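The values are calculated or read from the model by the stated rules, or taken from the named source; none is laboratory data. Since the model is a prediction, treat every value here as computed from it, not as a measurement. Here the Cβ positions follow ideal geometry from the backbone for every residue, glycine too, while neighbour counts run over all protein chains shown. With ligands, DNA and RNA removed, areas are computed over all heavy atoms of the protein, side chains included. Shrake-Rupley method; radii C 1.70, N 1.55, O 1.52, S 1.80 Å.
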Amino acid sequence: MNDSVTLTGLARQMVLAELLDEKTAQQAQSQAQRNKLSLVTYLVQNKLVKSRVLAELASEQFGVSFVDLNAIDKETQPKDLVSEKLVRQHRVLPLWRRGNKLFLAVSDPTNHQAVTDVQFSTGLNTEAILVEDDKLGDAIDKFFDSAVSGMEDLGDVDLDDLDGLDAQAVSDDTPDGGEGNATDDAPVVRFVNKMLLDAIKKGSSDLHFEPYEKAYRVRFRTDGILQEIARPPIQLSPRISARLKVMAGLDISERRKPQDGRIKMRISKSKSIDFRVSTCPTLWGEKIVMRILDSASAQMGIDALGYEESQKELYMSALKQPQGMILVTGPTGSGKTVSLYTGLNILNTVDVNISTAEDPVEINLEGINQVNVNPKQGMDFTAALKSFLRQDPDIIMVGEIRDLDTASIAIKAAQTGHMVMSTLHTNSAAETLTRLRNMGVPSFNIATSVNLIIAQRLARKLCNSCKKEVQIPREALTEEGFPEDQIGKFKLYAPIGCENCNGGYKGRVGIYEVVKNTPALQRIIMEEGNSIDISIQMRKDGFNDLRTSALLKAMQGVTSLAEVNRVTKD
């Protein structure tokens with residue numbers, strides 16, 4: 001399919017400069033168009049070309065001046081010339097103004113429409129200045145930080161003082177619930193909107209709104225760690241709860257039972273983020289937890305997830321199989337859903353029929369038939385699977401295998417010409433195989449149907465702006481499990497903390513144990529070996545366990561030894 005793609009502009013220049021081969025450039029150009037991203041942003045996000053190298057090449061080839069954003073005096077940047085909507089829509093940033101001329105930071109020299117729109121909006125002659133794409137994204141966020149972030153402690157602030165908060169409106173399709181002043185209170189609406197925006201900007205995964213006897217607390221889970229963000233006045237508790245419930249389409253009069261709903265926040269015409277909302281009655285009011293569901297996380301591409309090259313090849317090879325089962329395992333919040341969605345995106349072409357049963361559907365994927373499991377209505381995983389098998393499926397994804405009925409139908413589907421993908425809650429690949437057997441699945445069926453198992457965790461990534469090299473004695477490194485023959489050939493780093501990160505960390509990376517079901521493993525499964533036997537054979541077959549994979553990330557300078565121990569040590 002990609003062979004018919006004609007290389008244009010920057011993609012062609014990268015092939016000529018031998019930064020990419022022609023096939024990779026065609027695929028990148030096609031995927032960028034499909035994901036509605038600029039080619040530059042797609043290449044940087046998927047680490048196909050380094051941002052600096054890409055910017056310098058584009059500057060030379062297109063005759064556009066190149067500037068390092070770190071050298072720009074942020075105090076002199078024109079603040080009110082270009083709207084935030086226009087800046088984020090085109091991924092540009094005003095740098096400085098000289099008389100009737102505006103200099104505009106861009107990362108894509110072919111984005112002429114951005115320059116035209118900004119020129120029309122400001123009435124100024126506009127000249128593009130080339131910058132690195134990853135730095136541009138951070139600079140745009142910081143440029144508008146004064147409007148939508150920097151939340152102060154509100155413990156002693158009166159309700160009226162919240163009038164100073166401002167944020168973009170949240171678009172939700174639910175009419176106001178008739179709560180009167182409780183839901184129409186403009187300061188509370190702005191406060192809630194601001195919390196949602198701040199969570200998105202921080203890259204948080206969850207928001208916790210928590211009422212107590214004498215205080216109200218808002219916490220964000222960022223990079224897997226909960227942090228306190230705000231303490232609004234306790235008297236706001238019922239109003240904040242009511243506002244969130246109205247936005248999520250929940251019954252605001254029901255305060256004694258848990259409820260679940262969703263909120264859609266529209267950031268721009270082409271970008272929106274969903275929040276999954278859960279309420280729970282507590283001693284002092286309703287605690288509300290919101291999970292951020294960003295569809296962009298499912299579009300990152302496999303190269304952005306952190307697989308080692310050999311692990312990625314195993315996953316890609318398993319995805320190409322016409323039948324069998326791929327199982328992803330790990331605790332809640334370990335990134336299983338993103339791994340599955342990434343695989344589904346790779347498989348999602350017009351010539352295959354893909355159906356998923358999820359509880360609940362977290363991210364909408366165009367071209368894939370997604371079903372929300374609803375046991376109360378008789379639509380559980382087993383019922384959904386039975387229905388799928390009558391609808392000419394090629395690929396089936398089951399959100400989780402929880403019982404023998406679901407496992408049996410999934411195994412049967414994998415043995416009869418279908419690719420089945422699913423998750424289990426176990427700690428390792430070896431335990432996944434024994435867990436299926438403990439459910440009651442015959443050993444023969446496990447051995448012949450499971451193609452690949454991925455056990456995973458998420459580790460925080462060190463901030464590249466402030467990480468510091470540390471010296472650790474050789475004996476301590478050996479005790480931690482680093483390979484003897486590699487000690488002295490790598491550097492280890494520790495977190496420091498700066499304005500660009502959260503305590504020395506920024507973002508997360510996957511730690512994986514990717515295991516192919518080899519003939520030797522099949523034999524142990526058939527002989528009903530335990531998880532220890534299976535683990536030993538996995539090491540003999542050359543598959544890294546989670547600990548080894550995590551140590552590799554530390555050796556690569558991606559994460560710290562302390563973080564490795566946090567996510568992999570029992």
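Out of Glu309, Glu362, report the one residue that is touching a Phe, Trp or Tyr at 6+ places or on another chain (Cβ under 9 Å) and open to solvent by 10 Å² or more (accessible area, probe 1.4 Å).
Answer to the selection: Glu362.
Examine region 403-412 for a residue that is in contact with a helix residue (DSSP H, G or I) (Cβ under 6 Å, 6 or more places away or on another chain), surrounded by 15 or more Cβ atoms within 10 Å (Cβ to Cβ) and under 26 Å from Ala459 (Cβ atoms), and state whether such a residue exists.
No, because not a single residue in region 403-412 is in contact with a helix residue (DSSP H, G or I) (Cβ under 6 Å, 6 or more places away or on another chain), surrounded by 15 or more Cβ atoms within 10 Å (Cβ to Cβ) and under 26 Å from Ala459 (Cβ atoms).
Go through region 521-549 and report how many residues are closer than 28 Å to Thr559 by Cα and open to solvent by 60 Å² or more (accessible area, probe 1.4 Å).
The qualifying residues number 3.
Being among the charged types (D, E, K, R) and within 22 Å of Ala550 (Cβ to Cβ) is true for just one of Asp351, Asp359, Asp303. Which residue is that?
Asp303
Counting only residues that are among the polar types (S, T, N, Q), give me the strands (runs of 3 or more DSSP E) lying completely in region 243-345 with at least 2 of them.
272-282
Exactly one of (1) open to solvent by 30 Å² or more (accessible area, probe 1.4 Å); (2) within 25 Å of Thr332 (Cβ to Cβ); (3) of a type in the set (D, E, K, R); (4) assigned to a strand (DSSP E or B) is unmet by Glu469. Its number?
(2)
Please tell me if Leu226 is out of contact with any Leu (no Cβ under 7 Å at 6 or more places or on another chain), closer than 19 Å to Ile292 by Cα and open to solvent by less than 30 Å² (accessible area, probe 1.4 Å).
The answer is no for Leu226.
Which of the residues spanning region 73-90 are in a loop (DSSP other than H, G, I, E, B), within 16 Å of Glu127 (Cα to Cα) and free of Cβ contacts under 8 Å to residues at least 60 places away in the same chain?
Across region 73-90, the qualifying residues are Pro78, Leu81, Val82.
One residue is enough: does region 442-459 have a residue meeting the conditions among the basic types (Lys, Arg), at pLDDT 90 or above and crowded, with 21+ Cβ neighbours inside 10 Å?
yes
Sort out which residues of region 39-63 are touching a residue at least 40 places away in the same chain (Cβ under 8 Å), surrounded by fewer than 18 Cβ atoms within 10 Å (Cβ to Cβ) and not polar (S, T, N, Q), and write them in order of number.
Result: Lys47, Arg52, Phe62.
Here are Ala114, Ala105: which of them is open to solvent by less than 20 Å² (accessible area, probe 1.4 Å), under 30 Å from Cys498 (Cα atoms), in contact with a helix residue (DSSP H, G or I) (Cβ under 9 Å, 6 or more places away or on another chain) and not hydroxyl-bearing (Ser, Thr, Tyr)?
Ala105
If I filter region 489-507 down to residues being closer than 14 Å to Gly557 by Cα and out of contact with any strand residue (DSSP E or B) (no Cβ under 8 Å at 6 or more places or on another chain), which single residue comes out as surrounded by the most Cβ atoms within 10 Å (Cβ to Cβ)?
Phe490
Return yes when Thr332 is under 30 Å from Met195 (Cα atoms), surrounded by fewer than 16 Cβ atoms within 10 Å (Cβ to Cβ) and in contact (Cβ under 8 Å) with a residue 24 or more places away in the chain and no when it is not.
The answer is yes for Thr332.
Scan region 511-518 and give yes if some residue there is at pLDDT below 90, open to solvent by less than 50 Å² (accessible area, probe 1.4 Å), assigned to a strand (DSSP E or B) and of a type outside the set (D, E, K, R), otherwise no.
no
Which of the following residues is open to solvent by 40 Å² or more (accessible area, probe 1.4 Å) and either at pLDDT below 85 or within 19 Å of the chain's Cα centre (by Cα) (or both): Asp198, Asp185, Asp176?
Asp176
Have a look at Leu250, Leu244 and point out the one that is closer than 12 Å to Val289 by Cα and of a type in the set (A, V, I, L, M).
Just a single option satisfies the conditions, and that option is Leu244.
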